[in-house]
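The values are calculated or read from the model by the stated rules, or taken from the named source; none is laboratory data. Please read these numbers as outputs of a predicted model, since none were measured by experiment. Cβ: placed from backbone, ideal geometry, glycine included. Neighbour counts: every protein chain shown. In case anyone asks, the SASA skips ligands and DNA or RNA and just uses the protein heavy atoms, side chains included. Shrake-Rupley method; radii C 1.70, N 1.55, O 1.52, S 1.80 Å.
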Amino acid sequence: MTAYIRADPLTFDNRLQAYFAKITAPGIPWSPVTYGALFVLIAVWAVVFHSTWATWGTLSIDSGREMYVPLALRNGKMLYRDVWYPYGPVGPYLTSFLLRVFGVRLSVFYWQGALVALVSSIFLFLTGKCLGSWIAGWTAGVILVIEAFEP
């Protein structure tokens, strides 16, 4: 004899699925408050980036690998064959491309890192907004910006 289990629409699982379907639905409206929060997040990034310019890093820890590997790639070497690198290939090749476009300057590395921190904080903000709490996403984004530019 086969027992059929009837799905009760009031179970916790069904309510949770309906809630997540509602908050991840396309077209979640942006209010002036969320636009303002995004603007403030970008403003915090700009202020912290400007106020801590060129004070990042420590000579006792930094080995220069993040500068050496893209420069070697820019000069024609290949990652994992000619140059040892323990992580994925996107970062060094992107940095190598930026060095080809803008020239070999330390400011290229600064701007790339700063823009990556900004994009990451915006993604945290948008993730918090999609999950139903833009305040939590905004807070996580601001914390990321403050920690990214630790002098």
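Couple of notes before you dig in:
- Filtering GLU147, GLU66 for residues that are at pLDDT 90 or above, among the acidic types (Asp, Glu), out of contact with any strand residue (DSSP E or B) (no Cβ under 6 Å at 6 or more places or on another chain) and part of a helix (DSSP H, G or I) leaves a single hit, GLU147.
- Residue match in segment 28-49 (condition: at pLDDT 90 or above and among the hydroxyl-bearing types (Ser, Thr, Tyr)): yes
- Some residue of segment 18-26 being open to solvent by less than 90 Å² (accessible area, probe 1.4 Å), at negative phi, at pLDDT 90 or above and assigned to a helix (DSSP H, G or I): no
- Condition check for VAL47: within 27 Å of PRO151 (Cβ to Cβ), under 21 Å from the mean Cα position of the chain (by Cα) and assigned to a helix (DSSP H, G or I): yes
- LEU118 under 30 Å from THR34 (Cα atoms), open to solvent by less than 50 Å² (accessible area, probe 1.4 Å) and either touching a Pro at 6+ places or on another chain (Cβ under 6 Å) or modelled with pLDDT of 90 or more (or both): yes
- Checking each residue in segment 121-137 for being aromatic (Phe, Trp, Tyr) and open to solvent by less than 70 Å² (accessible area, probe 1.4 Å) picks out only PHE125.
- Residue in segment 73-91 that is at negative phi, within 18 Å of the chain's Cα centre (by Cα) and assigned to a helix (DSSP H, G or I) present: yes
- For segment 104-118, the count of residues that are part of a helix (DSSP H, G or I), farther than 17 Å from HIS50 by Cα and within 20 Å of the chain's Cα centre (by Cα) is zero.
- Subset of segment 40-77 [of a type in the set (A, V, I, L, M), surrounded by 10 or more Cβ atoms within 10 Å (Cβ to Cβ) and closer than 23 Å to SER96 by Cβ]: MET67, VAL69, LEU71, ALA72, LEU73
- Matching residues in segment 78-111 - criterion: being among the charged types (D, E, K, R) and open to solvent by 80 Å² or more (accessible area, probe 1.4 Å): ARG81, ARG100, ARG105
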